[in-house]
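First the structure, in the form of structure tokens, and then the observations on it.
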Amino acid sequence: MTDYTPPKVWTWETPNGGEFASINRPIAGATHDKPLPVGKHPMQLYSLATPNGQKVTILLEELLALGHSGAEYDAWLIRINTGDQFGSGFVEVNPNSKIPALMDRSGPEPIRVFESGSILLHLAEKFGEFVPMTPGAARTECLNWLFWQMGSAPYVGGGFGHFYYYAPVKIQYAIDRFTMETKRQLDVLNRQLAEREYIAGDDYSIADIAIFPWYGGLVKFDSYSGSEFLSVHEYSHVQRWADTIAERPAVKRGRMVNRAFGELSEQLHERHDASDFDTKTQDKIDG
């Protein structure tokens, strides 16, 4: 273990050499002038198929599958590794410069919506789907788990994922710390799912849509190549739940949108029409 004594006052000096060193910085705001494109649909999404990005495209595809034409959307690719999120147009939609960001242009005045949990709740309430609309125990339980995910996932992504997979130097203390917390969270879900079909009860909801890309991805799609390290096979109820959700057609489509990595057949860099899924390649967009 390398000894490090923190200085009295931290200063931003040289990049740390990690994968995202070129875009990490301790200040907010735009770095360059770049307006965002606007398509023809009511919903304009600016995103990337990270777990947070997948939440929104999965919900939009679920809403469309139920016949809500007002959920039609254009999904524009934001390449966070090259700093698209620091363009002036994106910062106007999300001053925090994180994907996903949504402009709801269905009303007389556009509404910006940022933070994935806020986007899920905005859309679910707008269309009256995937969240109990009446105040009471069921609605509160759904929101309990939605906010649980929002508060817990940074330990999985920014914690375990960063130190296990991305960090240029492997630090045992950091990996052990975040592995312990990731496994504790998986156990929380496993115990919850032992007694119910979905996270918040008998009905599929935005709680499941929020949690699946993170924890379902961890146990089913080998996120960070850490599934063996985490012994994810131990969490049988999470595995059952993830398998069930992964088979939903809207989930399969939503996971593809704004994906610019992995198997080419699973990528759809931008989505502007339902027919874009037919090619399952980028010929229409990049060609």
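The values are calculated or read from the model by the stated rules, or taken from the named source; none is laboratory data. A quick note: this is a predicted structure, and the numbers were derived from the prediction, not measured. Cβ placement follows ideal geometry from the backbone for every residue including glycine, while neighbour counts extend to all protein chains displayed.
Among residues of segment 142-160 that are closer than 13 Å to ALA207 by Cβ, those with a Cβ under 9 angstrom from a residue that is among the acidic types (Asp, Glu), sequence gap 6+ or separate chain, pair up as CYS142/ASP203; TRP145/ASP208; MET150/GLU115; SER152/GLU181. Scanning segment 239-272 for residues that are at pLDDT below 95, in a loop (DSSP other than H, G, I, E, B) and among the acidic types (Asp, Glu) gives a single hit, GLU263.
Among the candidates VAL257, VAL251, single out the residue that is within 19 Å of GLN149 (Cβ to Cβ), under 18 Å from the mean Cα position of the chain (by Cα) and touching a residue at least 12 places away in the same chain (Cβ under 8 Å). Result: VAL251 is the single residue among VAL257, VAL251 that is within 19 Å of GLN149 (Cβ to Cβ), under 18 Å from the mean Cα position of the chain (by Cα) and touching a residue at least 12 places away in the same chain (Cβ under 8 Å).
Look at (1) touching a helix residue (DSSP H, G or I) at 6+ places or on another chain (Cβ under 8 Å); (2) assigned by TED's automatic domain parsing to the domain that holds ASN94; (3) hydrophobic (A, V, I, L, M, F, W, C) and you find that ALA30 fails only one, number (2). ASN190 fulfils the conditions (1) modelled with pLDDT of 95 or more; (2) in contact with a Phe, Trp or Tyr (Cβ under 6 Å, 6 or more places away or on another chain); (3) surrounded by fewer than 19 Cβ atoms within 10 Å (Cβ to Cβ) except for a single criterion, (3). Only one entry of LEU60, LEU45 meets the criterion of being surrounded by 24 or more Cβ atoms within 10 Å (Cβ to Cβ) and in a helix (DSSP H, G or I), and that entry is LEU60. A search for C-beta distances below 7 Å between a residue of segment 162-174 that is of a type outside the set (Phe, Trp, Tyr) and any residue that is at pLDDT 90 or above and surrounded by 10 or more Cβ atoms within 10 Å (Cβ to Cβ), counting only pairs 6+ apart in sequence or on different chains, returns ILE171/PHE163; ALA174/PHE163.
Condition first: under 19 Å from the mean Cα position of the chain (by Cα) and at positive phi. Can you find one or more residues in segment 121-129 that meet it? Taking every residue of segment 121-129 in turn, none turns out to be under 19 Å from the mean Cα position of the chain (by Cα) and at positive phi.
For (1) farther than 20 Å from GLY157 by Cα; (2) hydrophobic (A, V, I, L, M, F, W, C), each residue gets a yes or a no:
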| position | (1), (2) |
| --- | --- |
| LYS170 | no, no |
| ARG177 | no, no |
| GLU181 | no, no |
| GLN185 | no, no |
| ASN190 | no, no |
| ALA200 | yes, yes |
| ALA207 | no, yes |
